Structure formats: structure tokens, C-alpha cells
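Q: Before I ask anything, here is the structure I am working with.
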Amino acid sequence: MLIRSYRSEYRVVFSPDFSVELTAELKPGDFLIIDENVARLHADRIDPLRAKYAHRLLQPAETQKSYQGVEPIIDHLIRNGFRKNHRLVAIGGGITQDVTAFIASILYRGVGWIFVPTNLLSQCDSCIGSKTSINFGTFKNQIGGFYPPRLILNDDSLLRTLPRDEIRSGMGEMFHYFLLTSRADFERAQREYDAAFTDRDVLRGLIQRSLEIKKAMIERDEFDEGPRNVFNYGHSFGHALESYTDYAIPHGIAICFGMDIANHVSAHLGLISPAEAAEMRVLLERNWRPTVPGSIDLDRYLGLLRKDKKNIGNDVRVILTRGLGDMFITTIDLNESVRAVIAECFRYFSTSQTSVKTA
Ligand SMILES: NC(=O)c1ccc[n+]([C@@H]2O[C@H](COP(=O)([O-])OP(=O)(O)OC[C@H]3O[C@@H](n4cnc5c(N)ncnc54)[C@H](O)[C@@H]3O)[C@@H](O)[C@H]2O)c1
Ligand SMILES: [Zn+2]
């Protein structure tokens, strides 16, 4: 898959063994930044690379995505002969990606980087799109830019060591792409959901489809200046839930709840029928079980929702829907009736299986 970008085109290569392609690609002086868990779990393929190339292991923690986290890595690179024509290689999930991309974008005014995404979220979503962000104190993703890798090696055999919740999180992110494109993609997700957990070919097909959907949009709006904002579908409501639960609910599962809330608010406003919201809920619910939030303090939740974007007064910017494949950005007033719809969604969630502690 070729992605057009403001810098240059870059490729996503689907490979049954990333280490073969990577070994052929690497040149003396290239430097690897590897998620420490992935290095351990996939030592059979990563140890030979570590033996041959300079590298650093990274603890995948949000605190590493910071000036304090990147400084020792930059210090090491500059002191140990890393040059402008050498490349950085990230092997890991979204944190390893952001740390590496951020350093690549600023070191020597920009060096090339290669990405081996190792979890489902990064394989189906974050590996393309050029965004590079680090945190600033407690403010998430506030510093960064747009700096795509030169090459992405997408190897689904790495996913075999992922916990089931991480697979479900990635599935949730893929659902959001499928619902916002078309009924055909939604029905495909319904049909293939169960098989995706056991059949690698099915899962790979869904990953490829997610990336195709994202590719079409980022090639139109790489800098997120307009059309790309529909990708926030489910995300404003979902992010608020992630912060409410202190990230106990994985991202892609939180956005399944977020999409469900967006759908029910849309139905309340007459944009879709209650039957359409219910139809989408059947799919979303398969993925959020059994990770559901327990009873929630609605005022605190809505406070976090307002904080998520620069909102004024009672109004919040969210993505709503006029039906499958038709999402749009709008402003809603969190008046009594909308609050009641959101409260009803949370009541529904809390009746599903095991609850995640929310306070
Ligand atoms: N740049 C972007 O476009 C973009 C997009 C989305 C998210 N993000 C950022 O990414 C971060 C979240 O990403 P994430 O969820 O991938 O986090 P992460 O990098 O911390 O990975 C999650 C966990 O999965 C583990 N893991 C990775 N691959 C594994 C494997 N093959 N087997 C077993 N465990 C494995 C990691 O060790 C880690 O514990 C956030 O900081 C977010 O802001 C960036
Ligand atoms: Zn997301």
C-alpha cells in the first residue's frame, strides 16, 4: 500500500515476518528503539537485530512520551555517532511510535524513520497518518507535528502475543472506521467479528480495509484541517470515559461506548431512527462486553467531555451521524434532554456483565 504524503510517498508492506524485510532494509548506523515487552516476547526475531544494530529498549509508558523521556535518547544518539543519513527504527505500539517519530522529526532537522507496529491499534490505525506527539506534563499529545515514516512493516504474526483485551481494543478502532464509511463495511464487521479472533487471514483483511479507509482520508486532509475530523467519531465521548476511568478501559473499547452515545444522541435529535442506533449497538456491544463502566457520576463525566475540546459553556463539539457512512461534526447543547440520553446509555452499559470500577 502506497500512502501519498506532503514529504514523500511511503509504503506499508504486509509481511509474514518483519525481521526478513527489516534485515534487508537496514544499513550500518541505523538505530532501533524497541518496546521492552516486545523485545522479550519476540526475542527469537529481535535478538539477532539487537546483536547487529545499536538500539535502546523503551518502557511503553505515557511518561516516556515527554521531553524528559526523549532527552536521554537524543543525548545517546548525538554522542554515539548517529548521523543525519542514518535512520531510526521503531518496534512497538503507539508509544514507541510517538517517541521515535518525534525524535526523528526534530533531530538534525529531520532524519528518516521506519516503523514496525506490533499491536493491533498501531497496525490498523496509528501507523499511517503522520501524527507525532508527546505529552507536556499532564497535557496529552500537546507537542508534535506531522512526520511520516519512510516505511511501515506490518506483520500480523506479532499479534499472537497480544492479550485479548488489546485485540478487542484494536477491533473497536476498526469498527469506528467501518461505521463511518458504509453499510457494506459495517456488515462485513458483523460477519467477520468472531472469526477475526481466531483466523489471521480474516484479521489481516480487516486491518487492510481499515488502513484503506484511513489512507483515503489522510491523502485528502493530512494536516487534519477539516474532513479528517470525522475520525473523531466516538472519540470525544470515549476520551471522556477513558479519563473518567483513569484509562482502565482500553482506548478502542472506550470509543465503542463513545460511538454508542453519539448514535443515541443522534437518534434523540432525529438524525437517525432509534432502530438504526439499536442496530449499531448490537455490534458495538459484542466488543465492549465484558468491559463495561459501572454506575457513573454524570456531572463529572460531562465535565470531562467539556474539557476534552475547547468548548464554550454548555456546548460541546462532537461527531454525530445521519446514518452508516454519514458522520459530521456539530455542536450540541448538553441540555436536560441530551443529558438524559447519555445517562440512559450509561444505565444500559452498567447492566452488561462485569463492571469496571469507575470512581
Ligand atoms: N501518532 C498517532 O497517530 C497516534 C494514534 C493513536 C494513538 N497514539 C498514541 O499511542 C499511544 C497508545 O498506543 P498503544 O495503545 O499502542 O500503547 P503502547 O505502545 O503502550 O502499547 C500497549 C501495550 O501493548 C504492548 N504490546 C505491544 N505490542 C505487543 C505484542 N505484539 N504483544 C504483546 N504486547 C504488546 C506494549 O508493550 C504495551 O504494554 C498513546 O500515547 C496515544 O496517544 C498515537
Ligand atoms: Zn482512536
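The values are calculated or read from the model by the stated rules, or taken from the named source; none is laboratory data. In this text, all values refer to a predicted model and were calculated from it rather than measured experimentally. Counting neighbours? That spans all protein chains shown, and the Cβs are built from the backbone with ideal geometry, glycine included. Calculation scope for accessible area: heavy atoms of the full protein, side chains included, ligands and nucleic acids excluded. Shrake-Rupley method; radii C 1.70, N 1.55, O 1.52, S 1.80 Å.
Q: Being among the aromatic types (F, W, Y) and within 19 Å of Q142 (Cα to Cα): is that true of F102 here?
A: It is true that F102 is among the aromatic types (F, W, Y) and within 19 Å of Q142 (Cα to Cα).
Q: Looking only at strands (runs of 3 or more DSSP E) that lie completely in the stretch 91-153, which have at least 2 residues being more than 9 Å from ligand 1 (Cβ to nearest atom), free of Cβ contacts under 8 Å to residues at least 24 places away in the same chain and within 22 Å of A240 (Cα to Cα)?
A: Output list reads 139-146.
Q: When the residues of the stretch 109-126 are narrowed to those that are surrounded by 23 or more Cβ atoms within 10 Å (Cβ to Cβ) and within 19 Å of I253 (Cα to Cα), which ends up farthest from ligand 2 (Cβ to nearest atom)?
A: Selected residue: T118.
Q: What about F82, is it among the hydrophobic types (A, V, I, L, M, F, W, C) and in contact with a Cys (Cβ under 9 Å, 6 or more places away or on another chain)?
A: no
Q: Taking the stretch 109-150, which residues are out of contact with any helix residue (DSSP H, G or I) (no Cβ under 9 Å at 6 or more places or on another chain) and closer than 16 Å to K65 by Cα?
A: If the condition is that a residue be out of contact with any helix residue (DSSP H, G or I) (no Cβ under 9 Å at 6 or more places or on another chain) and closer than 16 Å to K65 by Cα, then G137, T138, F139, Q142 are the ones that fit.
Q: Could you list, in sequence order, all residues of the stretch 23-40 that are open to solvent by less than 10 Å² (accessible area, probe 1.4 Å), of a type outside the set (G, A, S) and within 20 Å of D156 (Cβ to Cβ)?
A: Scanning the stretch 23-40 gives a single hit, I34.
Q: Shifting gears a bit: Would you please name the residue that is nearest to G137 (Cα to Cα), looking only at residues in the stretch 41-69 that are open to solvent by 60 Å² or more (accessible area, probe 1.4 Å) and near ligand 1 (Cβ under 9 Å from one of its atoms)?
A: Looking at the filtered set, the residue picked out is E62.
Q: Out of P48, P72, which single residue is in contact with a Lys or Arg (Cβ under 9 Å, 6 or more places away or on another chain) and either of a type in the set (G, A, S) or over 20 Å from S130 (Cα atoms) (or both)?
A: P72
Q: Any residue that is of a type in the set (S, T, Y), under 27 Å from R200 (Cα atoms) and within 16 Å of ligand 2 (Cβ to nearest atom) - is there at least one of those in the stretch 160-169?
A: Yes, the stretch 160-169 contains at least one residue that is of a type in the set (S, T, Y), under 27 Å from R200 (Cα atoms) and within 16 Å of ligand 2 (Cβ to nearest atom).
Q: Next question. Given the options V13, V20, name the one that is modelled with pLDDT of 95 or more, in contact with a helix residue (DSSP H, G or I) (Cβ under 7 Å, 6 or more places away or on another chain) and open to solvent by 20 Å² or more (accessible area, probe 1.4 Å).
A: The conditions single out V13.
Results for (1) in contact (Cβ under 8 Å) with a residue 12 or more places away in the chain; (2) more than 15 Å from V338 (Cβ to Cβ); (3) of a type in the set (K, R); (4) within 16 Å of ligand 1 (Cβ to nearest atom), shown as yes or no for each residue.
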| position | (1), (2), (3), (4) |
| --- | --- |
| R228 | no, yes, yes, yes |
| Y233 | yes, yes, no, yes |
| A240 | yes, no, no, yes |
| L283 | yes, yes, no, no |
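Q: Quick one: would you say F139 is open to solvent by 40 Å² or more (accessible area, probe 1.4 Å), more than 16 Å from ligand 2 (Cβ to nearest atom), within 17 Å of the chain's Cα centre (by Cα) and over 17 Å from N263 (Cβ atoms)?
A: It is false that F139 is open to solvent by 40 Å² or more (accessible area, probe 1.4 Å), more than 16 Å from ligand 2 (Cβ to nearest atom), within 17 Å of the chain's Cα centre (by Cα) and over 17 Å from N263 (Cβ atoms).
Q: Taking into account only those residues within the stretch 256-281 that are out of contact with any Phe, Trp or Tyr (no Cβ under 8 Å at 6 or more places or on another chain) and of a type in the set (A, V, I, L, M), which is farthest from ligand 1 (Cβ to nearest atom)?
A: This residue is A275.
Q: For the stretch 190-199, does any single residue satisfy the condition of being assigned to a helix (DSSP H, G or I), more than 13 Å from ligand 2 (Cβ to nearest atom) and within 15 Å of the chain's Cα centre (by Cα)?
A: no
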